[in-house]
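Derivation of every value follows stated rules applied to the coordinates shown; laboratory data play no part. Quick caveat: nothing in here was measured; it's all calculated off a predicted structure. Backbone-built Cβ (ideal geometry, glycine too); neighbour counts: all protein chains shown.
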Amino acid sequence: MRKVISALGLTGLLAAAALLLAPSAQAAGYVYVGMYPSAAACDTAGKDYVARGQAVSYFCDATPTAARLSIWV
């Protein structure tokens, strides 16, 4: 019984951590891929994922110093 409670507690803790650490775009169904040094590099990588059939679409969240790529799979 102790193992079951411990396993459920650990599962709940991991699920909560995943929700807290997930990028905001994932809530809409996107999967975070990585960070790129510029919006142009992010856009090129996103187009490449779509061209290879690994994604349906992509989203680049750009800042002045970097861009975060998320893809819709």
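Candidates in region 29-40 are the residues that are aromatic (Phe, Trp, Tyr) and out of contact with any Phe, Trp or Tyr (no Cβ under 7 Å at 6 or more places or on another chain); of these, the one that is surrounded by the fewest Cβ atoms within 10 Å (Cβ to Cβ) is Tyr32. Taken over region 41-73, the criterion of being under 16 Å from Gly29 (Cα atoms), surrounded by 15 or more Cβ atoms within 10 Å (Cβ to Cβ) and touching a helix residue (DSSP H, G or I) at 6+ places or on another chain (Cβ under 7 Å) is satisfied by Ala55, Tyr58, Phe59, Cys60, Asp61, Leu69, Ser70, Ile71.
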